[in-house]
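I have placed the structure first, in the form of structure tokens, so that the comments after it can refer back to it.
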Amino acid sequence: MGGVFGLDLARLAADPTKLDIDTSLPPVRLRGRLERRQPDSYSGVLSAAVPTTTVTAFGQLDLAAPGGPAFVALIGAVFPPPGLQLGLGFSLSGVGGVVGINKAVSQDALIAAIADGTAGELLFPPDPVAAAQRVVPRLPALFPTAPGRAVVGPMFQVSWAGRIVSLSAAVVAELPDPVRLSLLGVLRVAVPDPAVPLIHLKATFAGQYDSAEPSAFLMASLTGSHMAGVPLEGDVLLLSRGGPDPVFVLSAGGFHPAYPIPRGVPSLHRLTMNLSPVPWIQLQCQAYFAITSNTLQFGARLSLVAEIAGCGLRGQFGLDVLIRREPTLSFTADMRGSLSVEVFGETLLGIAFSLTLEGPAPWHAVGRGSIDLFLFSASFDFDERWGNPPPALPAEPADLRGRLEKAFARPEAWSAMPPAKGEYLPVLLSPAANRKIGDGSLVHPHGTIVARQRVLPFGVAIERYGPSAVDPAENWDIGSSTLGGTDADDGPTTDPFAPGLFRKLSDDEQLTCPAYETYRSGRRFAGDISEPENDAFVKATLNWETKVVPDPKPLRSLDLLRFLRIAALAGAEDIAVATSVRDPRWWQTELTLLVADRTPIAAVSTWSMAPVETAARPTATDAELQRRCGPLAGVRAVEAWEVNN
């Protein structure tokens, strides 16, 4: 430690963009670094260690950001073991928070931080100054500048059973609308003892929920993990997205090589185990498993390299499986493998094959094999079938009509929609009608009734329904819609459906077909009330009272002062000035209004014309009501005969 109060002044003079801090003022020790990356952008880390806790802060400040200064800070305090006891073996090991102004959270940067491991170092790092070299440069990308946005949320670290299981997490809310919730954390499992673990799993995870799209994703990555000395790696992803491009994906280790990666899905590392027993034998196993709206897929790859002095064995085996659910459960597996004996880079003996296997009952295998010797090689093709198909069982027919009737019989299939915003409404509802519309027992006369189901799409050939085949294919739709015996069709409703649940898709279609497609799902009903004959409607004749108020002539004080100044300079007589001042054009004209009757005034809601409780007198004017009630939105003063009782 050198310099003044721990400040490295010599380094500061050589490089004025960095300031290092390392000072000890018992019982506090301060360590940190402040950097200026641009003329008006600063970032850094500061750690303060005291005997009972260690407080760490990462921060980034941009004074020249559009929309005003933008900053973000992550602050955390770690308690020494065993932490604050919470009961049942749990203890609180650290607390903190995230706060940012004019900042947002980037989903792409979160995924990148998971992939390179820097996400875990944001939360309670054991060596903050060393972690800052990797974390601080990532802050502008993780929390990009967004004028008018703010991020805030807590951080915590919880452990169980003496830190056998520990969880460090931050929950960050991005405000205002649209609201986004982001999750960032690290889960560690060390068995049987964290000091000497036989099994050590470290999963760094991140997630985000976006209410605007809407979408939700959660991604976890195994880094620095091992089981009984066997290293483990790999990524896991869960993504569910709605909107115009809906998708559902659950994957551990990636996807089938022929599957087109949907938008928003990052490249995932295979689940990997390194099984090498000795340095000269390299044995590695990789695997993946994925579920999408149309497919179920998994695969594996095993590779072997065993060499000494340029002589040894090389081999590999790969498997990719796509599972179909109709008409019965079946699969297609693409397999490939090879094994060779090499001497000083030359193949002494080798065998290889590629195979596509379909089954079960019957089985179908088609592929190619080859054998290589030092002096010659041979290859052969094969296409074999064996086994008998399973006995045909009477399949229970899919009762699509019954399912549709049950779907439309559910209360949640029907909903009442209010009139369009800003639409002119020539009806006035009573308070009792407003209450019934609010609880859903009545529909607004100018509203619509929506009937929709999500059992099956309309207007498309249904070839299967779940596991049941529909032969011949059926096509369902709504022919007509009436309300009260009259035509009430106001157009169809649409919803996303997974085509794999209703159509027979080939292997290529399962891999390339969109996860969801939009089809018709129901109808909107709107009645014709241009000539209402229901007793609930009471016709009213509207009368207008016209009052002509002459435009008052306000006092024009500027002209009056100019006249007095001119008169004084000209030496005008007092009587002349007085006569000119009496001119009516200088003063507001006194108005005389004729009021036939003083009708009581009441405060009502502009929507329902129902009375609003106020402290104003019944004969109060608009101005008095404004003064007594305040500028209440949706409230105005009307004559008593207009009140809807």
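Every number here is computed from the coordinates shown, using simple stated rules; none is lab data. Small disclaimer: the values here were computed from a predicted structure and weren't measured. So basically every Cβ, Gly included, is an ideal-geometry build from the backbone, and we count neighbours across all protein chains shown.
What does the net charge come to around Leu30 if you take all other residues with beta carbon closer than 12 Å to its beta carbon, with K and R at +1 and D and E at -1?
Result for the local shell: +1.
May I ask which residue of Pro279, Val196, Ala216 lies farthest towards the positive end of the charge dipole of the stretch 184-288, with charges of +1 (Lys, Arg) and -1 (Asp, Glu) on Cβ and the Cα centre as origin?
The one lying farthest along the dipole's positive direction is Pro279.
Could you tell me the calculated FRET efficiency between Ser330 and Gln38, based on Cβ-Cβ distance and R0 = 56 angstrom, to the nearest 0.05?
Efficiency, from the Cβ-Cβ distance: 0.40.
Please identify which residues in the stretch 346-367 have an amide N closer than 13 Å to a label point set 7 Å out from the Cα of Phe374, following the Cα→Cβ vector.
Output list for this probe position: 346-350.
Would you mind computing, in nm to one decimal, how far apart the modelled labels at Val343 and Ile281 are, each placed 7 Å from Cα along Cα→Cβ?
2.3
Please find the FRET efficiency linking Glu509 to Ala610, where r is the Cβ-Cβ separation and R0 is fixed at 51 Å, and quote it to the nearest 0.05.
My answer for the efficiency is 0.30.
Report, in debye and to the nearest 20, how large the dipole of the stretch 400-525 comes out about its Cα centre when Lys and Arg carry +1 and Asp and Glu carry -1 on their Cβ.
It comes to approximately 520 debye.
Just add up the charged neighbours of Leu183: K/R +1, D/E -1, any other residue whose Cβ is under 15 Å from the Cβ of Leu183.
-1
Amide H to amide H, which residues 5 or more places from Phe331 or on other chains are under 5 Å from it, using H placed in the peptide plane?
Counting only residues 5 or more places away or on other chains, the set is Arg324, Gly359.
Give, rounded to the nearest 20 debye, the magnitude of the charge dipole that the stretch 229-388 has about its Cα centre when Lys and Arg contribute +1 at Cβ and Asp and Glu contribute -1 at Cβ.
So the dipole magnitude of the stretch 229-388 works out to roughly 440 debye.
So how far apart, in nm, are the two label points at Thr493 and Leu25 if each is 7 Å from Cα heading toward Cβ?
Each label point is offset 7 Å from its Cα along the Cβ direction, giving 6.6 nm.
Quick check: the distance between the Cα centres of the stretch 51-87 and the stretch 122-192, to the nearest angstrom?
10
Multiply the residue separation of Leu63 and Asn434 by 0.36 nm, subtract the distance between their alpha-carbon atoms, and state the gained length in nm to one decimal.
Net length gain for the segment: 128.3 nm.
Give me the net charge of Pro266's neighbourhood, meaning all other residues with Cβ under 10 Å from the Cβ of Pro266; Lys, Arg count +1, Asp, Glu -1.
-2
Please report Thr52, Thr118 as a ranked list, fewest other C-beta atoms within 10 angstrom at the top and most at the bottom.
Thr52, Thr118
Just to be sure I understand the model, the point goes 7 Å from the Cα along the line to the Cβ. What's the resulting Val230 to Trp160 distance in nm?
2.5
What's the extension gain from Asp116 to Asp381 if we count 0.36 nm per residue and subtract their Cα-Cα distance?
90.9 nm
Based on the Cβ-Cβ distance of Arg410 and Leu483, what FRET efficiency does E = 1/(1 + (r/R0)^6) give at R0 = 22 Å, to the nearest 0.05?
Taking R0 as 22 Å, the efficiency between Arg410 and Leu483 is 0.70.
Please give the length that would be gained between Ala141 and Asp108 if that part of the chain were fully extended, namely 0.36 nm times their separation in residues minus their C-alpha to C-alpha distance (nm, one decimal).
Extra length available between Ala141 and Asp108 comes to 11.0 nm.
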